Amino acid sequence: MSGYLERVNDISDLKKLDKAELVGLAEEIRKYIIECVSKTGGHLASNLGVVDLTIALHYVFNSPVDKLIWDVGHQTYTHKILNKRKDKFHTLRKYNGLSGFPKKAESCHDIFETGHTSTSISAALGMAEARDILGEKHDVIAIIGDGALTGGQAYEALNNMGSKDTNVIVILNDNQMSISQNTGGISNYLNRIRTSILISDFKLNVEKWIESIPKLGKYMKKTVELAQGSLESLIIPGKLFEDMGITYLGPVDGHNIQEMTEIFEKVKKLKGPKLIHVKTIKGKGYGIAEEAPCKFHGVGAFDVETGKATSSSSGTTYSQVFGNKLLKLAEENDKIVAITAAMPEGTKLEKFAQRYPNRFFDVGIAEQHAVTFAAGIANAGLKPFFAVYSTFLQRAYDQIIHDVCMQKLPVVFCIDRAGIVGEDGETHQGVFDLSYLSTIPNMTIMVPKDKTELENMLEFAADFDGPIAIRYPRGDVGVSSDVSEKIEYGKWQTLEQGKDIAIIATGKMVSKAVDVAKKLKEKSIQAELINARFVSPIDYEILLKLRKDFSKIYVIEDNIEHGGLGTKVIDFYNDNKLLKDIDVMKLAFPVTFIEHGKPEELYKKYGLDVETMVEKIIGN
Ligand SMILES: Cc1ncc(C[n+]2csc(CCOP(=O)(O)OP(=O)(O)O)c2C)c(N)n1
């Protein structure tokens, strides 16, 4: 840290700086972010893109009286640094350290928690309406990216907002990127208006201006009208928003702090809903990230000079196995199509997209739409595979029930990042999916324990005539059994025979269960070990056998303890009056939101590391 940053601990210090000094501060913050994130990992490119914007916002507005709501929240590093957290910034994303997202417990300036996209405008409008009812006076500002603006909820909010005269400010941070290149009609629309001149607190009458050009004007107007149908919508920036009842201002250079502060000061005086379109560059100020903003969207530790990862794992990930296998299946079956909601890299669908561009769909950050879109595709006779992260699928719950499962449509849900993801924390830990999917009629759920099993399950799903989910974790597949065992509907696999206790484990927890069984053997306890490949339906035959042979059964899963595999096992015994005289213990996460940290730290904290599980079993 040097110069200005040394002097700025919070926004009261920021406001003491001259406007001219803000540029220097921005430079120093960029350097500091690069330096820290190169060690901790994090959302680098998005944060470098909003350093100037964040400084301008905090310079003009008065947080926490004025409310800043950050969509996704992954771009709040400068906000954190300017709000008393610069000295803790090196603990970013670490266990017990700063979160990578806004957290109320961290600061009164983190006014609303985010992590999933497209919620900020709804929250801002709600807070603004409440402010008016309470007779308070302050500004409410939502900061949303062009990627997050592809999510349906943002339009529900804009629609609602446009019909009101509530004072709300939306800052549209347009860097033309979602994680990868942004897609869709709105993105195209924004690209067209990015090149427009600035319209601030007055509106140009473009038609009149063009007509006033001698001779050429009339001809130009006619030609453009013919070509585009509407001259206004082509040339007047933000016409779409204006027509919805929202005052549009921009586009503004998001790296010109002076210009932004002037616009924000004017906007404070304007009444009603307003949207300021700010153009930024993802990765700004760090050449390597500017050139590869997608790669630097989220990074692990890296070398600042070269940009190369210093902490990459060498193994094959579940996502890679999924991507490669789906490609193979698609070669054999031309009915297979792949869908992503703006995560082609994370879900490893890039190769599929290249090989089969006509059978690949990036629908934007629109999980709800993706599910019903998949239902439509399946209804018409094709075989959609929707690859999606566990927690992002949460928002498509009704679509899974209403559009897929009720009609028994053969959609394959490939649920990545299931279980603990680690450093992204509460909003991203995929510990609810077994519970939320288990209760849905017609839904089959499979959970692979390793690479081979994931491949087999994908094959099984490709031929399965109904809704089916395969949930797998983030990270390496680890050691895989080479034996390609045939998957049979609803059947589990006995991995080891035992005589003292039974352990049923699913997915990633199977390898931990194997280690638990080994440790127990050292203590002369012989465990029967079951791989629960299916969580819906469960294997009643095996459960009946276990009931006969054992009085203690342990169920291990990386899901919350309610509604998942353990609950289903207990319910089965209970419903069949078989629970008497046996003890079924669930080893799962408690019903809580699990913070950020390394997966192993979190397993330990919640008693799901091998040692603690062994202790629990022995002590039971
Ligand atoms: C519901 C949901 N789906 C997917 C994601 C994963 N995700 C995180 S950031 C992001 C792209 C956001 O783009 P944008 O809003 O333009 O912000 P930028 O990173 O470009 O600044 C995506 C898809 C998410 N956070 N929430």
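The values are calculated or read from the model by the stated rules, or taken from the named source; none is laboratory data. It should be emphasised that the depicted structure is a prediction, and the values quoted were computed from it without experimental measurement. Note that each Cβ is placed from the backbone with ideal geometry, even for glycine, and that neighbours are counted across all protein chains shown.
Would you mind stating whether ILE336 is of a type in the set (A, V, I, L, M), more than 23 Å from the chain's Cα centre (by Cα) and either within 14 Å of the ligand (Cβ to nearest atom) or within 27 Å of THR195 (Cβ to Cβ) (or both)?
No.
Of all residues in region 5-52, how many are touching a residue at least 24 places away in the same chain (Cβ under 8 Å), under 20 Å from GLY287 (Cβ atoms) and not polar (S, T, N, Q)?
Total satisfying the criteria: 23.
Filter region 330-352 down to residues that are part of a helix (DSSP H, G or I) and buried (at least 18 other Cβ atoms within 10 Å of the Cβ), then give me how many there are.
Number of matching residues: 2.
Taking region 101-123 on its own, how many of its residues are part of a loop (DSSP other than H, G, I, E, B), more than 14 Å from the chain's Cα centre (by Cα) and buried (at least 23 other Cβ atoms within 10 Å of the Cβ)?
Of the residues in region 101-123, 2 are part of a loop (DSSP other than H, G, I, E, B), more than 14 Å from the chain's Cα centre (by Cα) and buried (at least 23 other Cβ atoms within 10 Å of the Cβ).
If you check THR78 against the conditions, is it within 18 Å of GLY254 (Cβ to Cβ), modelled with pLDDT of 95 or more and not assigned by TED's automatic domain parsing to the domain that holds LEU602?
Here the answer is yes, as THR78 does meet what is asked.
Identify the residue in region 173-193 that is in contact with a strand residue (DSSP E or B) (Cβ under 6 Å, 6 or more places away or on another chain) and outside any loop (DSSP other than H, G, I, E, B) and, among all such residues, is nearest to the ligand (Cβ to nearest atom).
Looking at residues that are in contact with a strand residue (DSSP E or B) (Cβ under 6 Å, 6 or more places away or on another chain) and outside any loop (DSSP other than H, G, I, E, B), I get ASN173.
Just give me the residues in region 492-511 being assigned to a loop (DSSP other than H, G, I, E, B) and surrounded by 14 or more Cβ atoms within 10 Å (Cβ to Cβ), in sequence order.
Matches in region 492-511: TRP492, GLY498, ASP500, THR506, GLY507, LYS508.
If I go through region 67-96 residue by residue, how many of them are out of contact with any Lys or Arg (no Cβ under 9 Å at 6 or more places or on another chain), more than 16 Å from the ligand (Cβ to nearest atom) and not β-branched (Val, Ile, Thr)?
Result for region 67-96: 6.
If I filter region 351-385 down to residues being within 13 Å of the ligand (Cβ to nearest atom) and hydrophobic (A, V, I, L, M, F, W, C), which single residue comes out as nearest to the chain's Cα centre (by Cα)?
We begin by selecting, within region 351-385, every residue within 13 Å of the ligand (Cβ to nearest atom); these are 362-371.
With the extra rule that they be hydrophobic (A, V, I, L, M, F, W, C), the set shrinks to 363, 365-366, 370-371.
On the way: VAL363: 15, ILE365: 9, ALA366: 11, ALA370: 15, VAL371: 16 Å.
Once the filter is applied, the top-ranked residue is ILE365.
Identify the residue in region 245-287 that is in contact with a Ser or Thr (Cβ under 8 Å, 6 or more places away or on another chain) and more than 16 Å from the ligand (Cβ to nearest atom) and, among all such residues, is nearest to GLY162 (Cα to Cα).
Filtering first and then ranking leaves GLY245.
Just need a number here: residues in region 345-378 that are in contact with a strand residue (DSSP E or B) (Cβ under 9 Å, 6 or more places away or on another chain), of a type in the set (S, T, N, Q) and in contact (Cβ under 8 Å) with a residue 24 or more places away in the chain.
Here the count works out to 1.
Scanning region 145-193 for residues that are over 26 Å from the mean Cα position of the chain (by Cα) and at pLDDT below 90, which turns out nearest to TYR248 (Cα to Cα)? Outline the logic, then answer.
First, pick out the residues of region 145-193 that are over 26 Å from the mean Cα position of the chain (by Cα): 162-167, 192-193.
Still in the running and at pLDDT below 90: 192-193.
Values: ARG192: 15, ILE193: 11 Å.
My answer is ILE193.
Could you look through region 405-442, keep only residues that are among the charged types (D, E, K, R) and either in a helix (DSSP H, G or I) or under 18 Å from the mean Cα position of the chain (by Cα) (or both), and pick out the one that is surrounded by the fewest Cβ atoms within 10 Å (Cβ to Cβ)?
Ranking the qualifying residues of region 405-442, first place goes to GLU426.
Being assigned to a helix (DSSP H, G or I) and surrounded by 20 or more Cβ atoms within 10 Å (Cβ to Cβ) is the filter here, so list the residues in region 378-404 that pass it. Break it down stepwise before answering.
At the first step, the residues of region 378-404 found to be assigned to a helix (DSSP H, G or I) are 378-379, 390-404.
Listed by number, the residues that qualify are ALA378, SER390, THR391, PHE392, LEU393, ARG395, ALA396, GLN399, ILE400, ASP403, VAL404.
Counting just the residues of region 24-69 that are under 20 Å from LYS103 (Cα atoms) and of a type in the set (S, T, N, Q), which one comes out surrounded by the fewest Cβ atoms within 10 Å (Cβ to Cβ)?
Going through the qualifying residues, I end up with ASN62.
Select from region 158-172 the residues that are of a type outside the set (Lys, Arg) and surrounded by fewer than 24 Cβ atoms within 10 Å (Cβ to Cβ) and write down the one among them that is nearest to the ligand (Cβ to nearest atom).
Per the stated criteria, the residue is LEU158.
With the checklist (1) buried (at least 20 other Cβ atoms within 10 Å of the Cβ); (2) in a loop (DSSP other than H, G, I, E, B) in hand, flag the one item SER311 doesn't pass.
Looking at each condition in turn, SER311 falls short on (1).
Examine region 305-317 for a residue that is under 24 Å from the mean Cα position of the chain (by Cα), within 15 Å of the ligand (Cβ to nearest atom) and not assigned by TED's automatic domain parsing to the domain that holds LYS15, and state whether such a residue exists.
No, region 305-317 has no match at all.
Of all residues in region 84-93, which are buried (at least 19 other Cβ atoms within 10 Å of the Cβ) and not hydrophobic (A, V, I, L, M, F, W, C)?
Selection gives ARG85, LYS86, ARG93.
Sort out which residues of region 105-142 are under 18 Å from LEU82 (Cβ atoms) and away from the ligand (no atom under 16 Å from the Cβ), and write them in order of number.
Within region 105-142, GLU106, SER107, CYS108, HIS109, ASP110, ILE111, ASP139 meet the criteria.
Does at least one position in region 200-221 carry a residue that is assigned to a loop (DSSP other than H, G, I, E, B), surrounded by 14 or more Cβ atoms within 10 Å (Cβ to Cβ) and at pLDDT 60 or above?
no
Pairs, please: C-beta under 7 Å, at least 6 apart or cross-chain, first residue farther than 10 Å from ILE560 by Cα and in region 585-604, second among the basic types (Lys, Arg) and not in a strand (DSSP E or B)?
So the pair list comes out as HIS596/ARG93; GLY597/LYS94.
Residue check, LEU240 against (1) hydrophobic (A, V, I, L, M, F, W, C); (2) at pLDDT below 55; (3) surrounded by 14 or more Cβ atoms within 10 Å (Cβ to Cβ), all met but one. Which one?
Of everything listed in (1) hydrophobic (A, V, I, L, M, F, W, C); (2) at pLDDT below 55; (3) surrounded by 14 or more Cβ atoms within 10 Å (Cβ to Cβ), LEU240 misses just condition (2).
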